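Undergrad: Below you'll find the structure I mean.
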Amino acid sequence: MAAENTDIELRLLLDAIYLKYHYDFREYAAASLKRRLTNAPGRFGCETLSQLQHKVLYEPAAFAALLSLLTVPVSEMFRDPSYFRSLREKVIPILRTYPSLKIWVAGCSTGEEVYSLAILLREEELLERTLIYATDINPQSLQKAAAGVYAVDRIAGFTENHRKSGGRASLSDYYTAAYGRAVFDKSFKRHIVFSDHSLATDSVFAEVQLVSCRNVLIYFNGDLQNRAVGLFRDALCRKGFLGIGMKESLKFSPHGQSFVELVQGDRIFQKGNEP
Amino acid sequence: MRDAAALPRQIDAIAIGASAGGVEALSVLLPALPSGSQLSLFVVLHLPRERPSLLAEIFAPKCALKVREAEDKMHVEPGTVYFAPPDYHLLLDAGPQLALSIDELVHFSRPSIDVLFESAADIYAERLMGIILTGANDDGAAGLATIHRTGGVTIVQEPDSAQVPLMALSALRQTAADFVLPLEKIAGLLHSLASRELKTKDTLRKGK
């Protein structure tokens, strides 16, 4: 009975969020969403999801807090170093042949992956001719991403990852540390546009040579995953590249047939011939 | 505590959680399942997060069932053992299909046993069996309680027989498990569960 009610309340809450705020979580993967939401009412001083729904409808500030709970969590810089190594070795040589580059980091959260790519591109001397679109649905995450400031206690892990990824310089060349925070070089931001974009409801906004969207698709159900993969295909130029999370797959998505796998273990795909 | 023969009903899936000493314990349990069994098994074993896991490669040659590392959106097949990949939570979604997440660590662990058990209980309810093995962590205790609450069968390795008893002890503090058994007895129970399942299938076929 209680479990059945939870499922009903959860659906109604997602409908309410969509109708009121136009954020569409209705096609997110149910298990993770349910896990995140099950404990949410208590954090908002509510007993049930129905009470939380009421609060969210009448208090936009409560919705902003809930949005952070619902969106994809913090990543780390150069997470999965071998992915970045493969980009460096297999993708960069081809990107080098373009006179100017556009790259889309979809679901950038608080920006760790964006700066990782920017650093990689600077080391490969490509950043000067590159524009990175970094998009997310959560305005608070985007603000943090644009600030490019991370707690110093995370830097040791980032540095180790960067080294394993084949980094050509020391990570410390790219930030200044003060008051327990590492501030990444402002010059990166000339090449990054942070912008609000939803893979669930928005469409393609530019033609790009590389899309990096890692550990975002795991939070979508099959239909939404396919929608996102369709957007990536449409945004990519001919023979453009798509990088996804190490345990993600395109084989369960019909639009995935538009891609061929370039680096198998590291989940880097290339847009193939149009079907 | 119930007797192995008294297993109440049809079981479709088994979720297993283990930590320190888990590889050895699983080496006793998983090979006990005979080929032809239609059970699906999901395993969370705590491992270092930064290294790729070789669990599927280690266990495949020892098991009669198929052994896979879980991938996101993979459809759950009968007669298959799925290992959670390192640094991802493994969850069950409607279908049933596998789901992964990089949500925060639970009990300092990703994958977490609680996350697996709670989501599997949601999908399989009374057709799920949950097993807690050796380990030095509280992970899995809350999840096993959920499996119990949704009508599933709960098994805890007898703490004295576990390489590290802490995980079994904390599971038992939260749930009066249906079975508390040494490893060999759990293996025997899995074997008889699978044999009963095969026999039922046989009877059905002959009945036609």
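Undergrad: Among the residues of the range A:10-37, write down those that are more than 21 Å from B:G95 (Cα to Cα) and surrounded by fewer than 19 Cβ atoms within 10 Å (Cβ to Cβ).
TA: Scanning the range A:10-37 gives A:L12, A:D15, A:A16, A:Y18, A:L19, A:K20, A:Y21, A:H22, A:D24.
Undergrad: For the range A:71-82, does any single residue satisfy the condition of being over 19 Å from the mean Cα position of the chain (by Cα), within 14 Å of chain B (Cβ to nearest Cβ) and of a type outside the set (A, V, I, L, M)?
TA: no
Undergrad: I've got another one for you. Just checking, how many residues over the range B:123-144 are surrounded by fewer than 24 Cβ atoms within 10 Å (Cβ to Cβ) and within 14 Å of chain A (Cβ to nearest Cβ)?
TA: Residues in the range B:123-144 being surrounded by fewer than 24 Cβ atoms within 10 Å (Cβ to Cβ) and within 14 Å of chain A (Cβ to nearest Cβ): 4 in total.
Undergrad: Scan A:I268, A:I218 and give me the residue that is under 18 Å from A:S109 (Cβ atoms) and in contact with a strand residue (DSSP E or B) (Cβ under 9 Å, 6 or more places away or on another chain).
TA: After applying the criteria, what remains is A:I218.
Undergrad: Okay, next question. Return the residues of the range B:95-121 that are among the charged types (D, E, K, R), touching a strand residue (DSSP E or B) at 6+ places or on another chain (Cβ under 8 Å) and within 7 Å of chain A (Cβ to nearest Cβ); say none if nothing qualifies.
TA: Within the range B:95-121, B:D103 is the sole residue that qualifies.
Undergrad: I'd like to check which strands (runs of 3 or more DSSP E) are fully inside the range A:76-156 and have at least 1 residues that are under 21 Å from A:E207 (Cβ atoms).
TA: Once the strands (runs of 3 or more DSSP E) in the range A:76-156 are filtered for at least 1 residues that are under 21 Å from A:E207 (Cβ atoms), what remains is A:101-106, A:130-136.
Undergrad: Restricting attention to the range B:136-150, which residues are modelled with pLDDT of 95 or more and among the small types (G, A, S)?
TA: B:G140, B:A141, B:A142, B:G143, B:A145
Undergrad: Any chance you could count how many residues in the range A:3-29 are within 18 Å of A:T71 (Cβ to Cβ), in a helix (DSSP H, G or I) and within 14 Å of chain B (Cβ to nearest Cβ)?
TA: 1
Undergrad: Now for a separate question. Got at least one residue in the range A:168-181 being within 27 Å of A:Y219 (Cα to Cα), modelled with pLDDT of 95 or more and not in a helix (DSSP H, G or I)?
TA: Within the range A:168-181, not a single residue is within 27 Å of A:Y219 (Cα to Cα), modelled with pLDDT of 95 or more and not in a helix (DSSP H, G or I).
Undergrad: Quick check on this structure: which one of A:G230, A:G240 is part of a helix (DSSP H, G or I), at pLDDT 95 or above and more than 14 Å from chain B (Cβ to nearest Cβ)?
TA: Of the residues listed, the single one that is part of a helix (DSSP H, G or I), at pLDDT 95 or above and more than 14 Å from chain B (Cβ to nearest Cβ) is A:G230.
Undergrad: Continuing with the same structure: Does A:Y58 satisfy being within 14 Å of another protein chain (Cβ to nearest Cβ) and modelled with pLDDT of 95 or more?
TA: Taking the combined requirement at face value, the residue does not satisfy it.
Undergrad: Go through the range A:201-219 and give me each residue that's hydrophobic (A, V, I, L, M, F, W, C), at the interface with another protein chain (Cβ under 9 Å from one of its Cβ atoms) and in contact (Cβ under 8 Å) with a residue 40 or more places away in the chain.
TA: Matches in the range A:201-219: A:I218 only.
Undergrad: A follow-up question, please. Identify all residues within the range B:58-82 that are aliphatic (A, V, I, L, M) and either under 14 Å from B:P96 (Cβ atoms) or touching a residue at least 12 places away in the same chain (Cβ under 8 Å) (or both); write none if there are none.
TA: B:I58, B:A64, B:L65, B:V67, B:A70, B:M74, B:V76, B:V81, listed by residue number.
Undergrad: Being closer than 26 Å to B:Y88 by Cα, in contact (Cβ under 8 Å) with a residue 24 or more places away in the chain and surrounded by 20 or more Cβ atoms within 10 Å (Cβ to Cβ): is that true of A:G166 here?
TA: no
Undergrad: Here is a further query. Looking only at residues that are surrounded by 22 or more Cβ atoms within 10 Å (Cβ to Cβ) and facing another protein chain (nearest Cβ under 9 Å) in the range B:50-84, which one is nearest to A:D223 (Cα to Cα)?
TA: B:K73
Undergrad: Of all the residues that make up the range A:42-57, how many are within 15 Å of A:L12 (Cβ to Cβ) and surrounded by fewer than 19 Cβ atoms within 10 Å (Cβ to Cβ)?
TA: 7
Undergrad: Taking the condition away from chain B (no Cβ under 14 Å), surrounded by fewer than 20 Cβ atoms within 10 Å (Cβ to Cβ) and among the acidic types (D, E), does A:D173 pass?
TA: yes
The values are calculated or read from the model by the stated rules, or taken from the named source; none is laboratory data. Keep in mind the model is a prediction, meaning the values are calculated, not measured. All Cβ positions, glycine included, derive from the backbone under ideal geometry; neighbour counts span all protein chains shown.
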